[in-house]
Amino acid sequence: MCVLLVSHPGSDGENAVNAIRAELPEPIIDWAQPMPYPVLQTMFDPLYPKGLQWYWKGDFVRDLPDAAIEAHVVHTERVPSPLSGMHLYPTDGAIHRKKKDASAWGYRDATWSMVIFGVDPEPAKAPALRQWARDYWEAVHPFDLAGAYPNFMMDDEGEARVRAAFGDNYEQLAALKKKYDPVNLFRVNQNIRPAP
């Protein structure tokens, strides 16, 4: 099953969304309707209650060649639980109109931000979720860009992956960290260490 979640905050949103819908096959479920943004943001909260086991792996993606799609198909067929899966979030529009060094986001040439997520309520399944996500990521990563959205990375990624997440902008961010947080107080994240 593929879920297409569209959102348009503009005054012509309904027409823009309906133009997309007109090009697609009839959906199994159709919840497309005008709604307040907080409703959109909480639509899936009941599917993911507190206490679930999670393991994430992410990448930025420019292209999806046939071999990458085949690897995605193989690993989605091995999904370890009904709550697990993979999302591709489009990265386009304003992201592509800025220079690479205009902000911390260094992947202005990415087409998607991908996240592979293993999720289940049963703690005993945590190792299987982690292994599936890692195997899936290792199969598709050779087709992807070096970095990932930091919120789609787990605490076991290592400093090289954090550096890759920001690409050429990492050194500038490390210099800013040295200026504003030289003791690295804000470090409970995918940490950028202060420049030496």
Please list, by residue number, everything in region 103-122 whose backbone N is under 20 Å from a paramagnetic label point 7 Å out along Cα→Cβ of I28.
117-120
Please identify which residues in region 86-116 have an amide N closer than 20 Å to a label point set 7 Å out from the Cα of V3, following the Cα→Cβ vector.
86-91, 112-116
Eligible lysines near K178 by straight Cα distance, threshold 28 Å, same-chain separation 8 or greater
K98, K99, K100
Add +1 for every Lys or Arg and -1 for every Asp or Glu among the other residues with Cβ under 15 Å from the Cβ of L52, and state the total.
0
Please check: in the Gaussian network model of the chain (C-alpha springs, under 10 Å), which one of E138, E26, E171 has the largest mean-square fluctuation.
E26
Each label point is 7 Å from the Cα along the Cα-to-Cβ direction; what then is the distance between the points at V17 and L40, in nm?
0.7
Note: region 109-196, point scatterers on Cα, Debye, no solvent; log10 I/I(0) at q = 0.12, 0.13, 0.25 Å⁻¹ equals -0.46, -0.53, -1.26
Trypsin sites (Lys or Arg not before Pro) lying in DSSP loop within region 1-64, provided at most 12 other Cβ fall within 10 Å:
K50
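Give me the accessible area per residue for the chain, probe 1.4 Å, as a whole number in Å². Please report the intermediate quantities before stating the final value.
On the way: 12930 Å² over 196 residues.
For the chain, the per-residue accessible area is 66 Å².
Summing +1 for each Lys or Arg and -1 for each Asp or Glu, what net charge is found among the other residues whose Cβ lies under 11 Å from the Cβ of D156?
Counting the neighbours of D156, the net charge comes to +2.
Net charge near G118, counting Lys/Arg +1 and Asp/Glu -1 over other residues with Cβ under 11 Å of its Cβ?
Numbers: positive: K57, R78, K125, R130, R134; negative: D120, D135.
Residues near G118 contribute +3 overall.
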Can you list the chymotrypsin sites (Phe, Trp or Tyr not before Pro) in region 24-93 that are in a DSSP coil and have 11 or fewer other beta carbons within 10 angstrom?
W31, F44
What is the percent carbon and sulfur in the accessible area of region 44-108, measuring with a 1.4 Å probe over the protein chains and ignoring ligands?
57
With DSSP loop assignment and no more than 15 other C-beta atoms within 10 Å, the GluC sites (Glu not before Pro) in region 11-71 are E23
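The values are calculated or read from the model by the stated rules, or taken from the named source; none is laboratory data. Nothing here was measured: the structure is a model prediction, and the numbers come from that model. For neighbour counting, all protein chains shown are included, and Cβ atoms are generated from backbone atoms with ideal geometry for every residue, glycine included. Only protein heavy atoms, including side chains, enter the accessible area calculation; ligands, DNA and RNA are left aside. Shrake-Rupley method; radii C 1.70, N 1.55, O 1.52, S 1.80 Å.
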